[in-house]
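K.L.:
Below: one structure in structure tokens.
The values are calculated or read from the model by the stated rules, or taken from the named source; none is laboratory data. Just so it is clear, the structure is predicted and the values come from calculations on it, not from any experiment. Don't worry about glycine lacking a Cβ; one is built from the backbone with ideal geometry, like all the others, and counts go over all protein chains shown. Only protein heavy atoms, including side chains, enter the accessible area calculation; ligands, DNA and RNA are left aside. Shrake-Rupley method; radii C 1.70, N 1.55, O 1.52, S 1.80 Å.
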Amino acid sequence: MEVKILSAKFDIEDGHKLEIAKQHGAYATIDKLFSMKPEEVIEEVRNSGLRGRGGAGFPAGVKWGFLPKGTGKPVYLAVNSDESEPATFKDRYILVKDPHMMIEGIIICSYAIGSHDTYIYIRGEYTSQVKALQAAIDEAYEAGYLGDKVAGHDFKLEVTVHRGAGAYVCGEETGLLESIEGKKGQPRAKPPFPAVAGLYGCPTIINNVQSIASLPFILEKGAEAYKVYGTEKSSGTHLFGISGHVEKPGMYELPLGLPLLEVVEKVAGGVWKGRKLKGVIPGGSSTPVLTPEEAKTVTLDYESMAEHKTMFGSGGIVVLDETVDMVKLVENLIYFYHHESCGQCTPCREGLGWMLKIIKKVVRGEGEISDIDLLSELCDNIEMKTVCVLSAACTMPVRSYLTKFRHEFDAYVSEGASTAEANQE
Amino acid sequence: MAEMIKLFVNGNEVEVEAGKNLIDAIGAVGIEIPHLCYHPALGADGNCRMCLVGLEEGGPPLVPACKTPAAEGMKVLLDADHIKKIQHDVLEFQLINHPVDCPVCDQAGECSLQDYYMTYDGQKSRMTVPQVTKSKKMDFGCGVVHDQERCVLCGRCVRFCRQITRTGELGIVNRTDTARVAIFPGRPLDNRYAVNVVDLCPVGAMTSADFRFKQRVWFMKKERGVCHGCSRGCNITIDHNREKDQDDLIYRFRPLFNEQVNGYFICDEGRLSYRDENENRLTEARLSKTTISLDRAVTASLKEFKRAEGIVILISPDCSLEQMVSIKSLAEELGAPLSGFSDGYIKKGDGDDYLIQDDKAANRAGLTALNIDSSQSAFEEALAKAGLLINFNNDLSLFYDESSLKKLFKEKRVIGVTSRDTKLFQMANLVIPVASFTEYSGSIINCDNILQTFNRAITKNDAPLDMSEVAALLGGPLKTNGDRYDKLKKIVVSLNDFNPDTIPATGLKLT
Amino acid sequence: MSDRSQLISTGEPFKFDQERDTEFERLIKRYPERESMILPALWLTQEQEGWISAEAIAYIADRIGTFASKVFECATFYTMYHLHPMGKYHICVCRTLSCWLRDKQAIVDYLRDEIGIEPGQKSEDGKFSLEEVECLGHCGTAPVVQINGEFHEEMDVEKLTALLAELN
């Protein structure tokens, strides 16, 4: 089931080094790129159907088209390498194993959108990864792929790595921009959208690492070759991260559109320890959970996920076996999102803390049925009332557990904590 | 005239000013959209989420009114159930970690959170888990005391210090519900407008050390006034109260919005100048240190006039135009030279590029308009030739030190007509108390040539006379305000249309 | 999140060493606005000192030419900045979803017993500090532990025992 487009060079020894990467085709598209007009590049990417691989799934070529023309201001490219959504761990493979593919993608994107300054925002936790990335950038400068004349062409491009320092919310594109500007990563209200007023108030495109890294293939082989993979509306491949209770967790490149359970079974070795499946989180911790029944019919693409009232997200699949205590899982989730709430908007700032205290009370066995109802109501009261979607990233999944596994929550109330726990054994 | 547009609020067509956000545009026609973080001087931040309103047809269904420009044909929903629910929900979130200790909170009675609770919430608390605790009674400097637990994190204070004073002392540290307003240790508030954060704070998180717990706000009466601390003439609200068996006292000055004079703010010095209205006041006339009645003081003055070999009259640059013209006429009547010498009022370099002026005189432009000479030489020459100085509240001690004053007054008789019982006036032979600027009505011209009027705000138990009335008692020909206005118009061309009733509250820019 | 706003003062003035000074000057040229240096400067400080003191925050603010309150905001907002000294070995255990599912608690419990400190504490000899952190992005090799920035994947008690022996 696996395909190797983005991950083609991942297994090559020292494939992250420029010399080796070049032997395997890195920067091969540069001359072709500069023979094209920027509009033609945008058109090719639009035709490929490439969708933002950060989680929102917005078509990349369309996003680029939002840039206003002739503002007289510089255009910035910000590469989102914050990868902060729990269960997401794909981009770092690119950063470490094939950074030149991403740098090549940055050149392609910059040329297409007329940008000469890229900031790569990498999460602070990625300590060794940032070193690997910086080393690759240094190599690219040395070899003339970055700097005043990209590969000898009359095109200047500066790439700067900006390190985060522990804030999930900086994965939100405007939180990311704030962070580069030296502020707290508190998302901005939109409009204005970053394409119009982004970094330093200038037109800015923000793309995920994987989206950027997909560009060399699209440019080299063409949009049609990319669309061979995936479904009609969800084209291409994706680096899926499979974690949780499977025999072979890990990162796998797969075309979009495969049946979820088949992937879990055949690619990730199935539910571990011969246990039964209890649920699947399809695209990172913020996506609503699927029951085994729902999981049967879902395929790994944007449309099928939406039909199943969940989201493709970042492609971080988490498998839950029969022993998982959904009440405690929800506690773990709320803890995370509360911890990461930027503190800007009232409902998220105050509400998530309230939800955390309530779920803890339930877990302690001190909860009442009204507490569970209140949790559910708070999800509604918080969701979409805020500047960014962090609050929804918490309330959407929490609501799904409360709905689909309500009996487990009720058991904590009616039977007390220890009995409820015993039921999980 | 601003461009007007038509839009719909709850289905009703309203005409509002274009170019404003929904809060201001709709607010101007009397429809309130609740909000905590938005302030017109500080712009829209959009963090409190109180102002979320619905939009029908087109656009996102829910928008923050503070960040949404009013547009032609827009259909704004305020009274729909789902909008009311949002207002209720957001308030609930604001209140879950709030102490809700209104009875002991200094803000009670002028608190947005309290008011909104009554209007939009009114429910019992559902908070059955422990609240977040934070620090209380923190000294932020400049007389600002902060209570982190009462704070709603609207960030107005932070934005004020970054955008208005550009001193940036405040920040919101941490994140999630442990976020709090803080100063960086060792770098407290240090700007001359700091106490404005107390007014800006929509709740009781920022309090003034000077005012807190002195008075319940609902006991105080509020009057409009014009600050006399410098030549800016900032508009103020005078909060005062007469407690049982006490005199009418001012408890604070607060800024009053006037776009063309001071905007939304005042300086801290001006704010605290209310104290001079309460303290060190001259309340009774004195002749050679003996208290006498006003009648006797007037009689004694007239005797002094007769006895004197040459009189010179000195006038304060803080006087109102009405007082100036009265005193000018008195001087003409007495054949006495009149001086407005007040160089001491000018503190060179003290002003800034915002509100504070070098010139601490409230109405120097009035002296100029009435052709009253203010030069040091003319004053000193006139005084040298005269035997009697009548000083109408001019604080000469701002210019001359004590020994110079003694030299200046040597072998002179001095009559002081003053509101202040200061060392300077204690040197006078005869003093007559007069009203201070919160106790009379009048007009002044500020540093930008804007004419402003103000009315009497305070009536003391033994209300001293307006200086104009004293001038009349001393033989001045202008007995009524009508007389004074007529005379003013004759002298000052730009005041031809002067009629205190028709001057807008925001002032009249003179040409 | 606990309150991070109680800064520690060393009583000594702070400044960058030669290496960080050079790096600061190199980096500042990469941004059109000086305030963009707030995060990088905090990182440089942490690299140099292991943690960030009140004096360092003031230094950064003055060096960049911005308000100390802004640097203070960032230092307290971003949880990877250490605002007090850590142990010689700073151990971070991921507590989020995938690591939680694969029993990160056993890792925490083991460390707690072995080192004798709770998450958020430092051992008396200053050798270890322990912290439970949010998702470290190594969910496919959970549970994961990060020691002084170095990742240790697919951890279990056995591996941890060996690792601690190495550090001791």
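K.L.:
Can you find, within segment A:229-260, the residue that is farthest from the chain's Cα centre (by Cα) among those that are among the acidic types (Asp, Glu) and not in a strand (DSSP E or B)?
P.N.:
Once the filter is applied, the top-ranked residue is A:Glu247.
K.L.:
Filter segment B:313-344 for residues that are in a helix (DSSP H, G or I) and under 13 Å from B:Gly366 (Cα atoms); which is most open to solvent (accessible area, probe 1.4 Å)?
P.N.:
Here the residue is B:Lys328.
K.L.:
State all residues of segment A:124-155 that are over 30 Å from A:Ser285 (Cβ atoms), within 14 Å of another protein chain (Cβ to nearest Cβ) and not small (Gly, Ala, Ser); if no residue qualifies, say none.
P.N.:
A:Ile137, A:Asp138, A:Tyr141, A:Leu146
K.L.:
Given the condition closer than 30 Å to A:Leu6 by Cα, under 18 Å from the mean Cα position of the chain (by Cα) and part of a helix (DSSP H, G or I), answer yes or no: does some residue in segment A:307-315 qualify?
P.N.:
No, that holds for no residue.
K.L.:
If you don't mind, there's one more thing I want to ask. May I ask you to say which residue of A:Lys149, A:Lys131, A:Lys221 is over 30 Å from A:Met251 (Cα atoms), open to solvent by 20 Å² or more (accessible area, probe 1.4 Å) and in the same structural domain as A:Leu67 (by TED's automatic domain parsing)?
P.N.:
A:Lys149
K.L.:
For segment A:324-333, does any single residue satisfy the condition of being open to solvent by less than 30 Å² (accessible area, probe 1.4 Å), within 23 Å of the chain's Cα centre (by Cα) and more than 8 Å from every other protein chain (Cβ to nearest Cβ)?
P.N.:
Within segment A:324-333, one or more residues are open to solvent by less than 30 Å² (accessible area, probe 1.4 Å), within 23 Å of the chain's Cα centre (by Cα) and more than 8 Å from every other protein chain (Cβ to nearest Cβ).
K.L.:
Residue check, B:Val14 against (1) open to solvent by less than 50 Å² (accessible area, probe 1.4 Å); (2) in contact with a helix residue (DSSP H, G or I) (Cβ under 6 Å, 6 or more places away or on another chain), all met but one. Which one?
P.N.:
Of (1) open to solvent by less than 50 Å² (accessible area, probe 1.4 Å); (2) in contact with a helix residue (DSSP H, G or I) (Cβ under 6 Å, 6 or more places away or on another chain), only one is false for B:Val14: (2).
K.L.:
Let me ask something else about it. Restricting attention to segment A:250-280, which residues are of a type in the set (Gly, Ala, Ser), open to solvent by 10 Å² or more (accessible area, probe 1.4 Å) and touching a residue at least 24 places away in the same chain (Cβ under 8 Å)?
P.N.:
A:Gly257
K.L.:
Right, next: Take the residues in segment A:365-384 that are open to solvent by less than 30 Å² (accessible area, probe 1.4 Å) and within 11 Å of chain B (Cβ to nearest Cβ), then tell me which one is farthest from B:Val90 (Cα to Cα).
P.N.:
A:Gly367
K.L.:
Please pick out the residue among A:Glu13, A:Glu44 that is among the acidic types (Asp, Glu), open to solvent by 10 Å² or more (accessible area, probe 1.4 Å) and in contact with a Leu (Cβ under 9 Å, 6 or more places away or on another chain).
P.N.:
A:Glu44
K.L.:
So, one more: Please go through segment A:334-349 and give me each residue that is at the interface with chain B (Cβ under 7 Å from one of its Cβ atoms) and more than 19 Å from A:Ile281 (Cβ to Cβ), ordered by number.
P.N.:
Within segment A:334-349, A:Ser341, A:Cys342, A:Gly343, A:Gln344, A:Cys345, A:Thr346, A:Pro347, A:Arg349 meet the criteria.
K.L.:
Collect the residues in segment B:174-199 that are part of a strand (DSSP E or B), open to solvent by less than 60 Å² (accessible area, probe 1.4 Å) and away from chain A (no Cβ under 14 Å), keeping them in residue-number order.
P.N.:
B:Ile183, B:Phe184
K.L.:
Does B:Gly233 count as without any contact (Cβ under 8 Å) to a residue 40 or more places away in the chain, open to solvent by less than 10 Å² (accessible area, probe 1.4 Å) and in a loop (DSSP other than H, G, I, E, B)?
P.N.:
no
K.L.:
Then there's this: Only one residue in A:Leu352, A:Leu320 is open to solvent by less than 10 Å² (accessible area, probe 1.4 Å), touching a residue at least 40 places away in the same chain (Cβ under 8 Å), within 10 Å of another protein chain (Cβ to nearest Cβ) and in a helix (DSSP H, G or I), so which one is that?
P.N.:
Among A:Leu352, A:Leu320, only A:Leu352 is open to solvent by less than 10 Å² (accessible area, probe 1.4 Å), touching a residue at least 40 places away in the same chain (Cβ under 8 Å), within 10 Å of another protein chain (Cβ to nearest Cβ) and in a helix (DSSP H, G or I).
K.L.:
Quick one: count up the residues across segment B:45-67 that are more than 32 Å from the chain's Cα centre (by Cα) and part of a loop (DSSP other than H, G, I, E, B).
P.N.:
Of the residues in that region, 5 qualify.
K.L.:
Also, quick follow-up: For segment C:91-153, which fully contained strands (runs of 3 or more DSSP E) count at least 1 residues that are open to solvent by less than 20 Å² (accessible area, probe 1.4 Å)?
P.N.:
Once the strands (runs of 3 or more DSSP E) in segment C:91-153 are filtered for at least 1 residues that are open to solvent by less than 20 Å² (accessible area, probe 1.4 Å), what remains is C:128-133, C:145-147.
K.L.:
In segment A:170-193, which residues are in contact (Cβ under 8 Å) with a residue 12 or more places away in the chain and open to solvent by 10 Å² or more (accessible area, probe 1.4 Å)?
P.N.:
A:Gly171, A:Glu172, A:Glu173, A:Glu181, A:Lys184, A:Gln186, A:Arg188, A:Ala189, A:Lys190, A:Phe193
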